[in-house]
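Values in this text are rule-based calculations from the coordinates and carry no lab data. These numbers come from a predicted model, not from an experiment. FYI the Cβ positions are ideal-geometry reconstructions off the backbone, even for glycines, and counts take in every protein chain you see.
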Amino acid sequence: MKEDRHSRLRDAHSDRDQAEHVPSTPQSVSPAYRLAFADEDFLCREELRPVRLQLELLKPQLLLDERGIESTIVLFGGARIPDPAHKDQARTKTLADLSEFYDEAREFSRLMTLKSIETGGREHVIVTGGGPGVMEAGNRGAVDAGGASIGLSIVLPHEQAPNEYVTPDLSFNFHYFAIRKMHFLMRARAICVFPGGFGTMDELFESLTLIQTGRMERVPFLLFGKAFWEKVINWDALADAGTISDKDLDLFRFVDTAQEAMELIENWEPAPPRDTLPGREK
C-alpha cells in the first residue's frame with residue numbers, strides 16, 4: 001500500500017534506492033556508509049534488540065490497521081493433529097482420534113468467517129499460528145467461507161512455511177515469541193484452545209493468567225475437547241489445593257463442537273477486567 005506522506009522532505013525509499021547506485025569506491029562499499037535503516041547487519045546487532053522489538057510490534061499493527069481489522073477470534077491448538085483424511089499416518093492412536101478436532105476447528109472457522117464477512121471483514125477475523133494441524137484447519141475454514149484469516153508464524157529451528165490457507169497479505173513472521181503473543185491477544189474477541197502440546201499449553205495458560213489477574217478483559221475462553229483437557233490437567237486439584245480460586249474455573253468453558261462454541265460466544269455476558277484476585281483478598 002502506498003503510504004500517505006505528510007512531509008515536504010525527501011522520502012526514505014528514494015534515498016535508499018539512490019544509495020544502491022552510487023559509484024563503487026572504498027568509501028561507498030564500507031559497511032559504515034550504509035544507511036542505518038537499510039543495513040541488516042546493523043539492525044541485527046545485540047544493542048538493537050529494543051528497535052527490533054518495536055518493529056515486530058509495529059509492522060503487523062500497521063498492516064492490520066490498514067486492512068481495517070478491529071477484532072479477531074484466536075485459535076490455538078496442536079500442530080501434530082492431522083486432517084482426518086490422513087489420520088492413518090498419525091504417530092499415535094490418540095493423535096488419530098484427535099483428528100476430529102481438525103474438522104471442528106475448520107467448521108468453527110468457517111462459521112465465524114461467515115459472521116466476519118457480514119462486517120466487511122473487520123470483526124471476528126480468524127487468527128492462528130500459521131502452521132499445520134489445528135492452525136491449518138482454522139485458516140482452511142476461513143477459505144471455505146470465502147473470507148480472510150491471519151497467520152502469526154514464528155521462526156523455528158526446523159524449516160516450516162506458513163500453511164497454504166493463510167491470506168498471503170495477512171501472513172506475518174516473528175522472531176520474538178513475546179511480541180507474537182501480544183498480537184494474538186490485542187484484538188481478541190474470543191480465545192479457542194484445541195488439544196495440543198507444550199506450545200498450546202503455553203498459550204492457554206499465559207492468556208488465562210492475563211484474564212485471571214485482570215490484565216485483560218474477560219472474553220469467551222473455550223477449551224475444545226472436554227475429555228482431553230480433563231485428562232491432561234486436573235483443574236479441580238488446583239482449586240482444591242488453593243493455588244487457584246474456585247472462581248477461576250469459571251473463566252473458561254468446555255465445548256466439543258463448532259456449533260456449541262458459536263452459541264457460547266454469541267451468548268457470552270461481557271465482563272470488565274477483574275479488579276480483585278479471588279482468594280487473595282485482604
Unit charges at the beta carbon, dipole of the chain: most positive-side option, Ser171, Gly197, Asn267: Ser171
By average C-beta atoms within 10 angstrom, highest first, the peptides 246-253, 234-241, 186-193: 186-193, 246-253, 234-241
The chain: most fluctuating residue of Thr243, Thr25, Thr94 per GNM, C-alpha cutoff 10 Å: Thr25
For peptides 99-106, 164-171, 74-81, sequence by mean Cβ density within 10 Å, most packed first: 74-81, 99-106, 164-171
FRET efficiency, 1/(1 + (r/R0)^6) with R0 41 Å, evaluated for Ala178 and His13 via beta carbons: 0.85
Total charge dipole magnitude, region 62-266, about the Cα centre, Cβ charges on Lys, Arg, Asp, Glu only, Debye to nearest 20: 340
Cα-based Rg of the chain normalised by 2.2 N^0.38 Å, two decimals: 1.18
Residue-averaged 222 nm ellipticity for the chain, from DSSP H runs of 4+ at -39500 (n - 2.57), nearest 500: -12000 deg cm²/dmol
Selection from Ile244, Pro157, Ala90, by position along the positive dipole direction of the chain (Cβ): Pro157
Cβ charges +1 (Lys, Arg) and -1 (Asp, Glu), total dipole of region 82-186, debye: 320
Two-site FRET efficiency, Val29 against Asp65, from Cβ-Cβ distance with R₀ of 51 Å, rounded to 0.05: 0.85
Per-peptide average of other Cβ atoms within 10 Å, ordering 211-223, 26-38 highest first: 211-223, 26-38
